Amino acid sequence: YNWLKRTGEFGSQGECVAMIDMGAATTNIVIERENQFRFTRPLNIGGNDITQALADAYGVSFQEAEQLKRTRAFAPTGDPARDKGRGATAIGDALKRFTTEIVRSFAYFRSLPGGGQVNRVVICGGGASLRNVVPFLQRQLGLEVRAAQPLAGLEVGPAAQQALAHPEQACV
């Protein structure tokens, strides 16, 4: 949260922005409204749930499913011709549970004193590397969603260039 705040990811005065840190075992939601930290919620859903769903769907080990997720898997596109098969169904089901919890969290935040409607979402963490996850979340949440760029404005040394491949993971 502090790093993304420093890089300007939370925007201008008056906005209500949610940061969703999609980790392996858990996901953390942080909401800032009017430049103030207002809400946080951990979810017991993360990238490992997608990996396990793929392992179960294909009958492979967790390690093999992780490799499959990193190299070939993608969030549902909304195109039935592309979103078919065991893998697509498994990922879609895991992500539906994930988005349901996000929607519930946003609804709860709206009901709180000082709460409000989330205007925009910034995602980070390893789960943000899943192909097509940004457009998927935009469709599901009906909000602007973008991957965090925590390395923006920083010079990355030659020995750390691999961090530029997935900058959304560099927050942690």
Counting just the residues of segment 112-144 that are polar (S, T, N, Q) and part of a helix (DSSP H, G or I), which one comes out surrounded by the fewest Cβ atoms within 10 Å (Cβ to Cβ)?
-> 138
Out of all the residues in segment 29-53, which are farther than 18 Å from residue 143 by Cα, in contact with an Asp or Glu (Cβ under 8 Å, 6 or more places away or on another chain) and touching a residue at least 24 places away in the same chain (Cβ under 8 Å)?
-> 38, 43, 45, 53
Exclusive hit being in contact with a Pro (Cβ under 8 Å, 6 or more places away or on another chain), closer than 21 Å to residue 44 by Cβ and of a type outside the set (Phe, Trp, Tyr), set 95, 130, 141 | 95
With respect to the numbered conditions (1) under 21 Å from residue 107 (Cβ atoms); (2) modelled with pLDDT under 90; (3) in contact with a strand residue (DSSP E or B) (Cβ under 6 Å, 6 or more places away or on another chain), which one is the sole condition not fulfilled by residue 30?
-> (2)
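The values are calculated or read from the model by the stated rules, or taken from the named source; none is laboratory data. On a predicted model such as this, the values are computed, not experimentally measured, just so you know. In this analysis, Cβ positions are derived from the backbone assuming ideal geometry, glycine residues included, and neighbour counts consider all displayed protein chains.
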